[in-house]
1. Residues with amide H under 5 Å of Ala30's amide H, sequence separation 5 or more or different chain, H placed in the peptide plane at 1.01 Å from N; which?
2. What number, rounded to the nearest 500 deg cm²/dmol, is the helix-based mean residue ellipticity at 222 nm of the chain, given -39500 (n - 2.57) per DSSP H run of at least four residues and division by all its residues?
3. Filter the DSSP H helices in the chain by two things, a Kyte-Doolittle mean of at least 0.5 and an axial alpha-carbon span of 15 angstrom or more, and list the hits by number.
4. Quick check: pseudo-label points 7 Å beyond the Cα along Cα→Cβ at Arg73 and Ile17, how many nm apart are they?
5. At a threshold of 8 angstrom on Cα-Cα distance, excluding pairs fewer than six apart, so keeping six or more, what relative contact order does the chain reach in percent?
6. What's the magnitude of the charge dipole for the chain around its Cα centre, counting Lys and Arg as +1 and Asp and Glu as -1 at the beta-carbon? Answer in Debye, nearest 20.
7. Which percentage, to the nearest 5, of the DSSP beta bridges contained in the chain is antiparallel?
8. Specify, per residue and in Å³, the volume enclosed by the convex hull of the alpha carbon atoms belonging to the chain.
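Derivation of every value follows stated rules applied to the coordinates shown; laboratory data play no part. These figures come from a predicted structure and were not determined experimentally. No Cβ is skipped: glycine too gets one built from the backbone with ideal geometry, and neighbour counts run over all protein chains shown.
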Amino acid sequence: MSLKDKVAIITGAASGIGLAAARRFVAEGAKVVVADVQDASHEVGEMTKQGGEAIFLQVDVSSEAQVDRLIERTVAA
């Protein structure tokens, strides 16, 4: 599976299954937006240090306004 040049938003990506998915997507070449209410800056730093493309955006997916902002910031990036 190659995700080269694809963009993925992964919510709940600061830990657990979400983090594992984010790491896998990055390893497969995707540009990943790691989204979570918890800080995942360290995890994103590890992904980019290994040559992947990822950014962290803090978001509470229960807030429609925050999800709208997530989409806007993803498209801008």
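1. Close amide H contacts, sequence-distant or interchain: Leu3.
2. -13500 deg cm²/dmol
3. Both cut-offs are met by 16-27.
4. Placing both labels 7 Å beyond Cα along the Cβ direction yields 2.5 nm.
5. Computed over the chain, the figure is 26 percent.
6. 300 debye
7. The answer is about 0 percent antiparallel.
8. Cα-based convex hull of the chain, divided per residue, equals 79 Å³.
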